[in-house]
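Everything on this sheet refers to the single structure shown next.
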Amino acid sequence: CATSFGLTELEEELGGKCSAANDGGKLLLPPKPVATQMNWPTMQVSRGLFKRDPDAGVFEEPALDGELAGPDRDAVWDEEDSKPGAADPFAQGLDAGGDEGEGADGGWGDDFDIDTGAAGESAEKEDDFGEPNEFVENEDRGGYYVPPTAGSGQEQRWARNAKLAGELVVAGAFEDAMKLLQNQIGAGSFAPMKDAFMDLYACGKGALPCIQSFASNMVFFSVSGHPDRPAIIIKPAMLLERARASQQLVTQGKFSDALVGFIYVMSRIPLLAVETSKEVEEAKSLVNLARAYITGLKVELEQKRAKAEKQSGRQVQLAGLFTKCELAPVHIQLTLRAAMKTAYDTKNYLLAAGFARRLLESSPKPELANAAKKVIQFCDKNRTNEDDVDYDDRREFVVECGELKPLYAGEPKVTCPYCAAAY
């Protein structure tokens with residue numbers, strides 16, 4: 001209450017002393033500010049056109065529509081001009097001379113030619129290095145600064161100077177590379193080469209990271225001493241190593257993985273950049289090797305499908321075609337052993353005997369040679385074939401890569417201009 005805090009004036013206004021007052025009460029007040037001077041931030045506000053200044057005397061505000069409001073307004077504005085003795089300093093001399101100043105040039109004078117010869121000659125036409133000053137106005141540039149023409153990028157120079165399909169791929173000119181490969185090797189479908197294109201393009205440049213929030217610097221890998229030729233990282237030795245690894249997969253019986261590896265090799269050979277005759281021969285041998293194994297592995301995978309569908313005649317035919325692919329000697333022995341067993345299990349004994357004799361001619365191991373001799377002894381007593389198989393190893397033939405069947409000598413065929421596969 002007011003009595004407790006010693007507020008006597010407020011106590012009288014409220015009607016007297018309070019009976020429930022406590023002695024020694026203290027009124028809680030906000031703390032005093034530390035600063036003793038006014039230091040609040042202020043913002044400068046400019047007075048607008050329509051703000052009246054009381055110290056400026058009478059001020060006539062213009063009408064809201066932007067025009068002078070009626071004849072009374074004209075009288076106010078013209079009041080000062082109507083006073084005697086008031087003269088406009090800007091009007092002096094305009095009427096001087098009367099008609100004498102008017103002639104061929106008119107009242108204002110039509111001759112506005114200004115001689116700037118001295119000022120124009122003073123401009124420096126060359127900079128401190130003796131080069132033309134690009135900031136000097138001239139007639140050819142139309143009086144403004146012409147920036148230099150932007151140069152071509154590194155990839156554009158690569159594409160312009162490229163002579164090989166691999167160089168065009170590194171430069172990012174995929175369409176030009178496809179046209180060149182179509183003319184060189186007769187390529188019609190580039191779907192198997194998509195990964196090869198993307199890998200080679202990605203390996204043609206690198207990125208050097210900078211500080212945070214800054215873009216990385218691109219580094220283009222060119223041939224040493226020839227900055228306008230891109231570096232191709234694919235080499236015949238790399239593909240040869242991949243082909244040997246795929247051959248190991250064939251030995252282990254992983255035919256699907258081996259097929260992927262040989263397709264990898266075949267799709268990247270056209271993008272090589274060989275420099276020596278040795279590398280040329282290595283590339284040619286790689287093409288023949290990859291073609292033989294791709295054909296043989298496709299035959300083997302098709303044979304497994306025929307076995308699953310219980311087509312014994314087709315199965316024996318494909319087993320025989322697998323032996324005719326130009327594989328490594330160790331793989332030829334494996335294909336002959338498989339073909340001998342397949343023909344024997346399907347009761348095609350004449351074909352089984354033929355496979356066994358070819359196996360003996362390849363100098364196999366003693367265990368395999370003994371098995372082949374037993375097959376020959378049994379098949380000579382049962383010279384029959386259970387199925388009519390379109391396969392005759394006594395006639396010269398090649399594997400037709402489209403339908404996977406024998407293509408005998410004398411029959412019409414077409415060969416691939418790239419890998420010499422027969423169709």
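The values are calculated or read from the model by the stated rules, or taken from the named source; none is laboratory data. Note that the coordinates shown come from a computational prediction; the quantities given were computed from them, not determined experimentally. Note: ideal-geometry Cβ built from the backbone for every residue, glycine included; neighbour counts use all protein chains shown. Heavy atoms of the whole protein, side chains included, go into the accessibility calculation; ligands, DNA and RNA do not. Shrake-Rupley method; radii C 1.70, N 1.55, O 1.52, S 1.80 Å.
Data for the structure
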read-out	value
Segment residue 386-residue 285, length gained on full extension (0.36 nm per residue, minus Cα span)	32.4 nm
Accessible area of region 147-253 belonging to carbon and sulfur atoms, whole % at 1.4 Å probe	56 percent
Cα→Cβ-extended label distance, 7 Å offset, between residue 145 and residue 1, nm	8.6 nm
Backbone N within region 330-351 under 13 Å of label point (7 Å from residue 378 Cα along the Cβ vector)	340-350
Subset of 163/194; 205/413; 284/307; 307/373; 205/304; 304/365 violating a 32 Å alpha-carbon distance limit	205/413; 284/307; 205/304
Packing-based ranking, highest mean first, of 372-378, 334-340 given that Cβ atoms within 10 Å are counted	334-340, 372-378
Global geometry of region 222-317, whether rounded, prolate or oblate, following the gyration tensor of its Cα atoms and the 1.5 cut on a/c	prolate
Residues whose placed amide H lies under 5 Å from that of residue 18, excluding near-sequence neighbours	3
Surface share of carbon and sulfur [accessible, 1.4 angstrom probe, percent] for region 294-333	51 percent
Relative contact order of region 243-367, pairs being alpha-carbon contacts under 8 Å that are 6 or more residues apart, as %	18 percent
Cα-based shape type of region 316-423, given that a ≥ b ≥ c are square roots of the gyration tensor eigenvalues and the cut on a/c is 1.5	oblate
Nitroxide proxy distance, nm - points 7 Å out along Cα→Cβ at residue 362 and residue 345	1.8 nm
Heavy-atom surface of region 224-283, accessible at 1.4 Å and reported per residue (Å²)	55 Å²
Shape of region 186-248, Cα gyration tensor, a/c cut at 1.5	prolate
Solvent-accessible area of residue 263 with every protein chain in place, 1.4 Å probe, in Å² to the nearest 10	70 Å²
331, 226, ranked by accessible area, largest first (probe 1.4 Å)	226, 331
